[in-house]
Structure formats: C-alpha cells, structure tokens
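The values are calculated or read from the model by the stated rules, or taken from the named source; none is laboratory data. These numbers were taken from a predicted model, which means no experiment stands behind them. Don't worry about glycine lacking a Cβ; one is built from the backbone with ideal geometry, like all the others, and counts go over all protein chains shown.
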Amino acid sequence: MCVRLRIGQFASRHVGGVMKPAVATTPYPEVSAPAYTRWLLAGAVLLGMLVSGTVALRSLIEPPLLMLTAIVVVLLWASALSLRVLRYRINRYNAQCYDQAIAFEHQAWWARHRQKAGLLQSVLVSPVCAQPEQVTALFEADAAPPVVSPSLQAPAIRLAQVLSPEGSARECELAVLLALKWQALRDGAQALQPLSCYWQGSAAGWQAFREQVALGSPEVILPEEPLSWEGLQSLDVIIDHLHAAPAGTRILCAGSQSTVPDSAQRMPAGEAAVLWVLGKTGLVMLPRGEWFAGGAESLAAVAERALEQSEMRAPAAACASLSQPGEQDEPALLWRVKAQRQDANFGALGGLEALVMQTVAAWYAEQHGTPCAWLASDPDHALTLGIVTLDDPNN
C-alpha cells in the first residue's frame, strides 16, 4: 500500500496570504538492508550446532524428536530472515511512494505558484511616466528626475495638474484624473462589470474615482465599496479567481496615494494613481510574486525562487525598484537594483509602491519585449519582488 504524506512533512506555508514553499521535507525513515553475510554465517553456525547436538544426544533422545527439533530451529531462522527481508522491502516500497507523493505535491505547488494574471489595461498618473513610451527614460542614467517641490515640512514630488492642498483632497483629485485617463484609454469600449474591484487608498478617493467613472463611462459598473488592496495577498487571490472563472472575467485594481511630506522619510513625498484591468491571459503577465521576511530566509533565496517562478535562468536586465530599509543582502540579489532606482522619479508612495513599480515593469516589458523585475514594499510586506513577463503564445 502506498503511504500517505504526514502533515508537516511536505506542506506549503501560507503566511500573510502568500504561498511559500517548504524549505525542506522530512525524509522517510529508512530501514537498513539485511546483513546477509551475518545471517548466513549465523545460519551456518546454528546448523553446525544442530548437527553436533544431534550426534551428542542421539543416545539419550529419540532420533525423530531430534530431527523435528532441528527442523523447527531451521524454520525459525528462515522465518526470521524472511521477516527481516520483508520489512526492508516494504520500507523501500513505502519510501518510493513517499518520494513520488512529494514530487507530485512539489509539481502541483509550482503549477499553481506559476499561474499569472494578464494585464489587459494599465493606467498610471504620476509626475513622470504618464505614458508607456516614456518608461525607457526612467532606466537611463542621464535622465533628469522631476523637480522636487519645496514644502514647509519636507521635500515632495508633486503632479502639477493637482491643485488641492496636502491631504486627502489631493488623493481624490488624483483619483479623478485616473478615471479621466482610463476613460480616454477605453474610448467607447464595451460594458465592463468586473468580478471584483480592489482599491488602495482612502474611501473618499474611491468614491471620487467611482463617481467620475459613472459620469464619463456609465457602461462600467463599479461597486459602492471595493475590496481593500493587500498587495501580494490580494494578487494571489485574484489569480486564483481568474483561473477558476470563465475566460472573459475581469478584475479591476486601482488606487491613489499622496504621501504627506515628512522630514524623517528617506525619500521626498511622492504621489501617484494607478489602475489595472486584469484577465486570465494577456500580452503582459503578472506573477504571484515573492516576499522577503528577514530571518526566515535569505533575500538571494527569495530572488532565486522568483526566477524559478517565472521560469527564467538568469535575472532580468531591468528592475523597477524603490529603496527599502531591509535590503542588507542586496549584493546577493544579482538584480540591477541600485543602478535603476526610481526614488528620484516617484518618491515615497506608501501602500501604492508595489502597484506603481509593477506597472512600470509591465510597461518596460511591453516596450522592450523582455521580462522586467520589480522590487517594492506593499501594504502587508516590507519587501516584495517579482518578474513581469510577456505571454508565450506557444503555451
């Protein structure tokens, strides 16, 4: 009978809503092979003792009884050897079944972990890179960053079209600009009722976005209250839903952020608004991504798993990233992180970081026809990373 995996011997850990593979599996307890030489030697010694005993006691004990005793002893020895061999063979068979079960679980986990979402539409409102064709300049060393606006509190990177004072009013205005830009991109496209909608930002920002969409695109039906965007945790759930739903299913993810200037921040305060329309397939594919927690495993191991997730042998040539406080293992990452930092272009974006960096990576991948990595924080994790790829039509 094939053995069943014991709980905990091979299991995917589900921490913070994001699947991570078990670091190691408990090996099946092995039984050593029978020492046949010793068993045969013991049998020969036993047989010799039986012969000697039969000769010495034949005058005292009836020969038939001596013969019966010898046969019983030999049968016991043979039975003991047979049981030992049987135990070893059963152990090997169970170990083989165990290995096959582990391999099956491993393949099934990677099959799910490699599932992706197709980025069908993407909109980015920011002081830089408002159009996909502008993304290349962000990765050029001599590109001029946006002007940092002086503030009473601290420096900030601000969008000139937003005139509201600091605070939630700017996020609402960014949300309206996001809706207007999305409407121009749709340009009379067919009706859209997403399976679910995710929002990163304030409730007021969502209402401003929703009202503007209803005003300019009444064929788009959005809920009064969206789901809260939780970074990779939400993306993980979205990919599950898309792969279980009909082919035409759409999910909307959006958000707006205007970070309040703070002198304690490493970067100037930034602001942006972003929108995705996701489907099961598309030209640009977003993976589930990986996250790094200090002390659990090395950043290099997480980066290696991100490569394996995207079925790549070497790191992507480009990486859209923002500085993170916990990247002490960055040299082991082997990604072009420092050389392509986007701090000066976007500033601090709070919970919108990963959405913006993934959008930049997606635009770069689409413009250059090559995978692009991304690295940022999200609402649930201090450091997340992944690689945006292009869909392979042969798959």
- Go through the residues of segment 226-239 one by one and say whether even a single one is farther than 18 Å from residue 355 by Cβ, out of contact with any helix residue (DSSP H, G or I) (no Cβ under 7 Å at 6 or more places or on another chain), in the same structural domain as residue 289 (by TED's automatic domain parsing) and not aromatic (Phe, Trp, Tyr). no
- Query: How many residues are outside any helix (DSSP H, G or I), aliphatic (A, V, I, L, M) and at pLDDT 95 or above when one looks only at segment 223-261?
  - Reply: 4
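Return the only residue of 154, 160 being closer than 25 Å to residue 205 by Cα, in a loop (DSSP other than H, G, I, E, B) and free of Cβ contacts under 8 Å to residues at least 60 places away in the same chain.
Every option except 160 fails the conditions.
So which residues in segment 280-307 are touching a helix residue (DSSP H, G or I) at 6+ places or on another chain (Cβ under 8 Å) and either surrounded by 21 or more Cβ atoms within 10 Å (Cβ to Cβ) or touching a residue at least 60 places away in the same chain (Cβ under 8 Å) (or both)?
280, 283, 284, 286, 287, 288, 289, 290, 291, 292, 299, 303
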- Item | segment 207-222 - residue that is touching a residue at least 24 places away in the same chain (Cβ under 8 Å) and outside any helix (DSSP H, G or I) and, of those, farthest from residue 351 (Cα to Cα) | 219
- Could you run through segment 93-109 and say how many residues are among the hydrophobic types (A, V, I, L, M, F, W, C) and surrounded by 14 or more Cβ atoms within 10 Å (Cβ to Cβ)? 5
- When residue 169 is evaluated against the numbered criteria (1) free of Cβ contacts under 8 Å to residues at least 60 places away in the same chain; (2) in a helix (DSSP H, G or I); (3) within 23 Å of residue 278 (Cβ to Cβ), which criterion, by number, is the only one it fails? (3)
- Message: For a quick check of your reading of the model, give me the residue pairs whose first member lies in segment 29-50 and is closer than 22 Å to residue 99 by Cβ, whose second is in a helix (DSSP H, G or I) and polar (S, T, N, Q), with beta-carbon atoms closer than 7 Å and at least 6 apart or on different chains.
- Response: 30/91; 31/91
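Each row is one residue, and each column tells you yes or no for (1) surrounded by 11 or more Cβ atoms within 10 Å (Cβ to Cβ); (2) modelled with pLDDT under 70; (3) within 30 Å of residue 379 (Cβ to Cβ).
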position	(1), (2), (3)
1	no, yes, no
11	yes, yes, yes
15	yes, yes, yes
54	yes, yes, no
66	yes, yes, no
73	yes, no, no
79	no, no, no
88	yes, no, no
- Task: Spot the failing condition for residue 225; the list is (1) touching a Ser or Thr at 6+ places or on another chain (Cβ under 6 Å); (2) free of Cβ contacts under 8 Å to residues at least 40 places away in the same chain, and only one is missed.
- Result: (1)
- Just a yes or no: is a residue in segment 186-206 in a helix (DSSP H, G or I), among the polar types (S, T, N, Q) and in the same structural domain as residue 264 (by TED's automatic domain parsing)? no
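Kindly establish whether residue 168 is surrounded by 15 or more Cβ atoms within 10 Å (Cβ to Cβ), at pLDDT 90 or above, assigned by TED's automatic domain parsing to the domain that holds residue 199 and of a type in the set (S, T, N, Q).
Working: surrounded by 15 or more Cβ atoms within 10 Å (Cβ to Cβ): yes; at pLDDT 90 or above: no; assigned by TED's automatic domain parsing to the domain that holds residue 199: yes; of a type in the set (S, T, N, Q): yes.
In short, no.
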